[in-house]
Amino acid sequence: MSEKSEHSHKSKKERLPRQPMPEQPPKERIHNFKEVPFGYSPEQALAEASRCLKCKKPGCVPSCPVEVDIPGFISLVAEGKFFEAAAKIRETNSLPAVCGRVCPQEDQCESGCVLGKKWDPVAIGRLERFVADYDRLHGSFQMPPMASPTGKRVAVVGSGPAGLTLAGDLIKKGHEVTIFEALHEPGGVLIYGIPEFRLPKEIVKAEVNYLQKLGVRIETDVVVGKTLTVDELFEEEGYNAVFLGVGAGLPVFMNIPGENLCGVYSANEYLTRSNLMKAYLFPDYDTPIAVGRNVVVLGAGNVAMDSARTALRLGAETVRIVYRRSRAEMPARAEEIHHAEEEGIVFELLTNPVRFLGDDRGWVKAMECVRMELGEPDASGRRRPVPIPGSEFILETDMAIVAIGTTANPLIPSTTSGLETNKWGYIVTDETGRTSKKGVWAGGDIVTGSATVILAMGAGRKAARAIDEYLMSL
Amino acid sequence: MFEILEKKQMAQGTVCMFRLKAPRIARKTRPGQFVILRANERGERIPLTVAETHPEQGWIRIYFQVVGKTTAMLARMAPGEIIQDVIGPLGVPTHVDKVGTVICVGGGLGVAVIYPITRAFFDAGNHVIAIIGARTKELLILEQEMNSVCHELHVTTDDGSYGRHGFVTDVLKELLEQRKDVGMVMGIGPVPMMRFLCKTTQPFGVKTMVSLNPIMVDGTGMCGACRVRVGGQTRFCCVHGPDFDGHQVDFEELSKRLMMYVPQERESYQRFQAEVAGGSSR
Ligand SMILES: Cc1cc2nc3c(=O)[nH]c(=O)nc-3n(C[C@H](O)[C@H](O)[C@H](O)COP(=O)(O)OP(=O)(O)OC[C@H]3O[C@@H](n4cnc5c(N)ncnc54)[C@H](O)[C@@H]3O)c2cc1C
Ligand SMILES: Cc1cc2nc3c(=O)[nH]c(=O)nc-3n(C[C@H](O)[C@H](O)[C@H](O)COP(=O)(O)OP(=O)(O)OC[C@H]3O[C@@H](n4cnc5c(N)ncnc54)[C@H](O)[C@@H]3O)c2cc1C
Ligand code: SF4
Ligand code: FES
C-alpha cells in the first residue's frame, strides 16, 4: 500500500462521523404509534463501533450507573460478534433493549466518552440497542449460570426496572423470587408510562419473559398494602426478605381553579389509558380517551414530551408545551425535545398557568396563563421563575395534561409497621437500600423520587447484593 | 385467573350477580370496599363493590347493572368462565361505629352496594332502618337480604307498583321528622338520588355519608381519574373514599365528570351489540 492510501485510511477513521440512526419522518410518524427510530443495520453498527478508541482508561464506563463494560462490548460489535456483545452487556445490565432506547445517554455514558471532547461521542446507546435487538430477534435463549437453590425466598413489590433488575440478580444467586404487581401487567412505567412509539411493549414483555424463564414468578393484580401487607408477606407467605420497588406514582396537580374540569388529565391517567389500556386502539380495545384538538401540556420533562407526542398521534391539531422556566432548564432528554420539535409541538416557555376555564358542560375551554422571567437562583440552583405582573393572557384549549411530576404513594408506608419515610413520603434507606424495617429493602423512584430507568436499575442491583448477603447470613 | 362460580340474573336481566373465586380478596375485604375488574385482554378496568365475602371458601359476591359494553359483556359470561383480572380490595372500608340509630338508603343498584354496609351497622349493635327503592317493582333487588339485616325496612317504587309510591327520600324525610334519635344516614344510589338525599337531610343536621362512583382506572391513587371535590378540596375517591360526607360533596362536578366519555361509550356499546347480534344470527 502506498503511503498516501495509508494516510487517507487513518484520517478516514478519525473523521468517520457518528452514524445517524434512520427514523420515521415526522410527517408520517405523527399519525401512528410505531417506534420512531428504526435502529442501526449491522453495517451501521460495525461502522459506529469502529469509531471507539477502546481507551485503556475509558471515560464512558464510570458514567454508567450499572458499569457496563462499554469498550468490551463495542469491541465485540466491531468484530461482528453480536451475540457475544449482548452477553457482555447482560453481565451487568438486565434490560439492555430498554436502556438502549430510553437512557439519557448524553448525560451518562456518552458524556464521559473521550471522543466527545473534540468530536461526537460514540453512539453507545444506539449500539446497545442494536446489540439487544439483534440478540432478541436472532439469538436463542441460553440459561445463564445459576447458583444452586438456597431455599431462601424473596418477595419483590413492584415490577418496574428496580424490581425487575433485583429479581434477575437474586434468582441467579439461587434464591426463590416472586414479584407482586398491582396492575394487570408487569413493567412499571415501562408499560404504563412510556409510549409504544418510544419503547415498544413487545420489548418490555420479552425482558419480563426472560426473567420468567430464569424462574422468577410474577403475580399481577396484587396490591401490596391492600390485597396483602408487607407483614403478611413475612408471616403468612413465608418470605425471608422483601424489596419495595413501587415507584413514585402519585400524580401532582397544580392546585389551581378548574383543575377538575373534564378534559384536564394528569399525565399518569392520560398515558395509562393510552399505553397500558391501549386506548389509542379504541374501539378495538374498550378503554376510551378524550381526543383534544388544541392540547396544552404543563411541564417539560420526559413525561410531558410523551404526553404531548401521544396527543398529537391521537389526532390533536396543535399541541403546546407550557413551561414556567426557559429552554435551558427543560428536564426532558435532548432526543425527546428534538423529536417533539420535529413533530411540530410548540413550546410556550417562561409561561405559567393560573387557572382553567370551563364551558357549561364542565369541559375545559381555555387556560389563563402569566408570563414569567428568571430571577435569583433557588434551592435547586436554577434561577427561580417569577411572574411578570399584568402579563396574563388566555390560551384557548380543549384539553390539558398536567405533567409536573409525581410523588410517593403512601399505601405501603401507611400499612407497614416500622417503615421510616422522609417528609415527602419517600422511603428512607441506607446506601444498600436497607430500610428501617428488618428484612425490607427499597430502591428506585420510591427512595429517590422520580429519576431514571438506569438509576432504578442501579438501586435494584445494589439491594440485590445486600439482600443476598443478608439471606446467606440467616 | 378468577373463575365465575355462580351467576344469577335479576331485575329483568338488568342486574347480574356473580360469585367469583378470589381467595386473597375474600380474606381482606371489609364492607364498603370494592374491586376493579377487567373481563378480558382488551377490556376496560371497571370498579364494582364487593357485596359479600366468604373468606374460608375463598369467594366474593358482586352485583352489577348492565349500562354499557363491559357490564353487558360480563352479563353474557357463564359459570366456569374466567375473569381476566380482579384487583382489590380497594378503597377505605366504611367507618362503622355504634351510633344509635342509623338509616341506610339504597336506590336501584345502590341496594347491592349498601347491603354489606347495612349488615355491618346491624352487627355493630345499631338500630338500623333501611329504605330501598326502585323505579318499578321488577327492578327492586335484594329485598329479602336487606330485610334480614335491619330492624325496619321501607320499600318505595317510583310508579307505585310495589311498596310505597314515591321516592326513598320521601320516606327518609318523614322518618327524620318523626324521630330525633337518628345519628347517621348512609345513602347510595345514582348521583341525582344521592344529591337529593343530602338536600333532604341537610335541614335536620344529620350526618350523611354517601359512596361515590366516579370513573376510575387503576384504583390505587396513581392516575387521578377519580378525583372528586369534597369540602372544596380535591380527593381521590379510590384511596380517600369511596365514602364521603355528603353535605360536602360537589355533586355537580361529579355528574359532569361521569359524562366525560359518553360518545365513546355509546359507540363501543353499539358496536358490541351489533357484534353480538351478528354472532347469534349465524
Ligand atoms: C412517562 C414517563 C416517561 C419516562 N421517560 C424516561 C426516559 O426516557 N428515560 C429514563 O431513564 N426514565 C424515564 N422515566 C422515569 C423512569 O421510568 C422511572 O424513573 C423508573 O421507571 C422508576 O422505576 P421503579 O422501578 O422505581 O418504579 P416504576 O417503574 O414506577 O414501577 C413501580 C411498579 O410498582 C407497582 N406498584 C406500586 N405500588 C404497588 C403496590 N402497593 N403493590 C404492588 N405493586 C405496586 C406499580 O404499579 C409499578 O408497576 C419516565 C417516566 C415516566 C412516567
Ligand atoms: C367505587 C365504585 C363502586 C361501584 N360499584 C358498583 C357496583 O357494585 N355495581 C355496579 O353495577 N356498578 C358499580 N359502579 C359503577 C360501575 O363501575 C360502572 O357502572 C361501570 O364501570 C360501567 O361500565 P360499562 O363499560 O358497562 O359502561 P360504560 O358504557 O363504559 O359507562 C356507562 C357509565 O358508567 C360510568 N363509568 C364508565 N366507566 C367507568 C369506570 N371505569 N369507573 C366508574 N364508572 C364508570 C360512567 O358514568 C358512564 O357514563 C361502581 C363505581 C365505583 C366508582
Ligand atoms: S470513552 Fe468513548 S472511545 Fe473510549 S472506550 Fe468509551 S466509548 Fe470508546
Ligand atoms: S382511580 Fe386512579 S387515582 Fe383513583
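The values are calculated or read from the model by the stated rules, or taken from the named source; none is laboratory data. Values in this document were obtained by computation on a predicted structure and should not be read as measured data. We place every Cβ from the backbone using ideal geometry, glycine too, and count neighbours over all the protein chains shown. These accessible areas exclude ligands, DNA and RNA; they are computed on the full protein's heavy atoms, side chains included. Shrake-Rupley method; radii C 1.70, N 1.55, O 1.52, S 1.80 Å.
Inclusion of A:Lys438 among residues that are among the charged types (D, E, K, R) and farther than 20 Å from A:Gly168 by Cβ is warranted. When A:Tyr265, A:Tyr270 are checked against the criterion of being in a helix (DSSP H, G or I), aromatic (Phe, Trp, Tyr) and buried (at least 21 other Cβ atoms within 10 Å of the Cβ), A:Tyr270 stands alone in meeting it.
Taking the conditions exactly as written (surrounded by fewer than 23 Cβ atoms within 10 Å (Cβ to Cβ), within 16 Å of A:Ala155 (Cα to Cα) and not polar (S, T, N, Q)), does A:Tyr426 satisfy them or not? No; evaluated as a whole, the condition is false for this residue. So is B:Thr201 within 16 Å of ligand 1 (Cβ to nearest atom) and buried (at least 22 other Cβ atoms within 10 Å of the Cβ) or not? Considered against the rule, which asks whether it is within 16 Å of ligand 1 (Cβ to nearest atom) and buried (at least 22 other Cβ atoms within 10 Å of the Cβ), B:Thr201 comes out as no. Pick from the range B:64-87 the residues that are open to solvent by 50 Å² or more (accessible area, probe 1.4 Å) and in contact (Cβ under 8 Å) with a residue 12 or more places away in the chain: which of them is nearest to ligand 1 (Cβ to nearest atom)? So, considering only residues that are open to solvent by 50 Å² or more (accessible area, probe 1.4 Å) and in contact (Cβ under 8 Å) with a residue 12 or more places away in the chain, the one nearest to ligand 1 (Cβ to nearest atom) is B:Gln84. Among all positions in the range B:204-216, there is at least one residue which is within 16 Å of ligand 1 (Cβ to nearest atom) and under 22 Å from the mean Cα position of the chain (by Cα).
Just one of (1) assigned to a helix (DSSP H, G or I); (2) open to solvent by less than 50 Å² (accessible area, probe 1.4 Å); (3) of a type outside the set (Asp, Glu) fails for A:Ala400. It is (1). So, in the range B:204-229, of the ones that are within 16 Å of B:Gly91 (Cβ to Cβ) and away from ligand 4 (no atom under 14 Å from the Cβ), which residue ends up surrounded by the fewest Cβ atoms within 10 Å (Cβ to Cβ)? This residue is B:Met209.
Using the structure shown, decide if B:Gly189 is under 18 Å from B:Thr94 (Cβ atoms), within 16 Å of ligand 2 (Cβ to nearest atom), within 14 Å of another protein chain (Cβ to nearest Cβ) and small (Gly, Ala, Ser). For B:Gly189, the condition - under 18 Å from B:Thr94 (Cβ atoms), within 16 Å of ligand 2 (Cβ to nearest atom), within 14 Å of another protein chain (Cβ to nearest Cβ) and small (Gly, Ala, Ser) - is not met. Determine, yes or no, whether A:Tyr134 is away from ligand 3 (no atom under 16 Å from the Cβ), closer than 25 Å to A:Leu271 by Cα and open to solvent by 10 Å² or more (accessible area, probe 1.4 Å). For A:Tyr134, the condition - away from ligand 3 (no atom under 16 Å from the Cβ), closer than 25 Å to A:Leu271 by Cα and open to solvent by 10 Å² or more (accessible area, probe 1.4 Å) - is not met.
Of the helices (runs of 4 or more DSSP H) contained entirely in the range A:119-234, those carrying at least 3 residues that are more than 18 Å from the chain's Cα centre (by Cα) fall at A:124-138, A:161-172, A:201-214. Of everything in the range A:299-335, what is of a type in the set (Asp, Glu) and crowded, with 23+ Cβ neighbours inside 10 Å? Give them in sequence order. Within the range A:299-335, A:Asp306 is the sole residue that qualifies. Restricting attention to the range B:47-63, which residues are buried (at least 20 other Cβ atoms within 10 Å of the Cβ) and either more than 16 Å from ligand 4 (Cβ to nearest atom) or facing chain A (nearest Cβ under 9 Å) (or both)? Selection gives B:Val50, B:Ala51, B:Thr53, B:Trp59, B:Ile60, B:Arg61, B:Ile62, B:Tyr63.
So which of B:Phe122, B:Phe196 is assigned to a helix (DSSP H, G or I), in contact with a strand residue (DSSP E or B) (Cβ under 8 Å, 6 or more places away or on another chain) and open to solvent by 10 Å² or more (accessible area, probe 1.4 Å)?
Checking each option against the conditions leaves just B:Phe122.
Count of the range B:88-115 residues, restricted to those that are part of a loop (DSSP other than H, G, I, E, B) and either within 16 Å of ligand 4 (Cβ to nearest atom) or open to solvent by less than 10 Å² (accessible area, probe 1.4 Å) (or both), is 2.
Taking residues in the range B:202-231 that are away from every other protein chain (no Cβ under 14 Å) and more than 19 Å from B:Ile117 (Cβ to Cβ), and partners anywhere that are outside any loop (DSSP other than H, G, I, E, B) and away from ligand 3 (no atom under 16 Å from the Cβ), the pairs with Cβ atoms closer than 7 Å and at least 6 places apart or on different chains are B:Gln202/B:His247; B:Phe204/B:Leu176.
Conditions tested, residue by residue: (1) farther than 14 Å from A:Thr227 by Cα; (2) aliphatic (A, V, I, L, M); (3) within 16 Å of ligand 3 (Cβ to nearest atom).
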site: B:Ala22; (1), (2), (3): no, yes, no
site: B:Lys28; (1), (2), (3): no, no, no
site: B:Pro55; (1), (2), (3): no, no, no
site: B:Lys69; (1), (2), (3): yes, no, no
site: B:Ala78; (1), (2), (3): yes, yes, no
site: B:Gln84; (1), (2), (3): yes, no, no
site: B:Ile87; (1), (2), (3): no, yes, no
site: B:Thr94; (1), (2), (3): yes, no, no
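For the range A:186-203, the criterion of being without any contact (Cβ under 8 Å) to a residue 12 or more places away in the chain and out of contact with any Cys (no Cβ under 6 Å at 6 or more places or on another chain) is met by at least one residue.
Assess whether B:Gln84 counts as being at the interface with chain A (Cβ under 9 Å from one of its Cβ atoms) and touching a Lys or Arg at 6+ places or on another chain (Cβ under 8 Å). Explain how you work it out, then say what you get.
On the way: at the interface with chain A (Cβ under 9 Å from one of its Cβ atoms): yes; touching a Lys or Arg at 6+ places or on another chain (Cβ under 8 Å): yes.
Spelling it out, B:Gln84 is indeed at the interface with chain A (Cβ under 9 Å from one of its Cβ atoms) and touching a Lys or Arg at 6+ places or on another chain (Cβ under 8 Å).
A:Ile218 meets each of the listed conditions (1) over 20 Å from A:Ala456 (Cβ atoms); (2) more than 13 Å from every other protein chain (Cβ to nearest Cβ); (3) open to solvent by 10 Å² or more (accessible area, probe 1.4 Å); (4) among the aliphatic types (A, V, I, L, M) apart from (1). Pairs meeting the criteria (first residue in the range B:251-262 and touching a residue at least 24 places away in the same chain (Cβ under 8 Å), second residue of a type in the set (Val, Ile, Thr) and assigned to a helix (DSSP H, G or I), beta carbons under 7 Å, at least 6 apart or on different chains) are B:Phe251/B:Val191; B:Leu254/B:Val191; B:Ser255/B:Val191; B:Leu258/B:Val191.
In contact with a Ser or Thr (Cβ under 7 Å, 6 or more places away or on another chain), without any contact (Cβ under 8 Å) to a residue 60 or more places away in the chain and either within 16 Å of ligand 4 (Cβ to nearest atom) or not in a loop (DSSP other than H, G, I, E, B) (or both): does that describe A:Lys365?
Here the answer is no, as A:Lys365 does not meet what is asked.
Residues considered: A:Pro353, A:Pro377. Of these, the only one that is away from chain B (no Cβ under 14 Å) and within 21 Å of A:Ala290 (Cβ to Cβ) is A:Pro353.
Mind checking which residues of the range A:232-247 are more than 16 Å from B:Ile25 (Cβ to Cβ), open to solvent by 30 Å² or more (accessible area, probe 1.4 Å) and within 14 Å of chain B (Cβ to nearest Cβ)? It would help to see each step written out before you state the result.
Kept after step one, since they are more than 16 Å from B:Ile25 (Cβ to Cβ), are these residues of the range A:232-247: A:233-235, A:238-247.
Those still in the list that are open to solvent by 30 Å² or more (accessible area, probe 1.4 Å) too: A:234-235, A:238, A:240, A:246.
Those that are more than 16 Å from B:Ile25 (Cβ to Cβ), open to solvent by 30 Å² or more (accessible area, probe 1.4 Å) and within 14 Å of chain B (Cβ to nearest Cβ): A:Glu235, A:Val246.
For the range B:5-23, check the following and say yes or no: at least one residue is within 13 Å of another protein chain (Cβ to nearest Cβ), out of contact with any His (no Cβ under 8 Å at 6 or more places or on another chain) and not in a strand (DSSP E or B). The answer is yes, given that some residue of the range B:5-23 is within 13 Å of another protein chain (Cβ to nearest Cβ), out of contact with any His (no Cβ under 8 Å at 6 or more places or on another chain) and not in a strand (DSSP E or B). For the subset of the range A:67-90 comprising residues that are more than 15 Å from ligand 3 (Cβ to nearest atom) and open to solvent by less than 50 Å² (accessible area, probe 1.4 Å), which member is nearest to the chain's Cα centre (by Cα)? Step by step, filter the range A:67-90, then rank; the result is A:Ala86.
For the range A:109-121, does any single residue satisfy the condition of being away from ligand 3 (no atom under 16 Å from the Cβ), under 24 Å from A:Ala459 (Cβ atoms) and open to solvent by less than 30 Å² (accessible area, probe 1.4 Å)? Don't jump to the end; show me each part of the working.
Keep residues of the range A:109-121 that are away from ligand 3 (no atom under 16 Å from the Cβ), which gives none.
Within the range A:109-121, none of the residues are away from ligand 3 (no atom under 16 Å from the Cβ), under 24 Å from A:Ala459 (Cβ atoms) and open to solvent by less than 30 Å² (accessible area, probe 1.4 Å).
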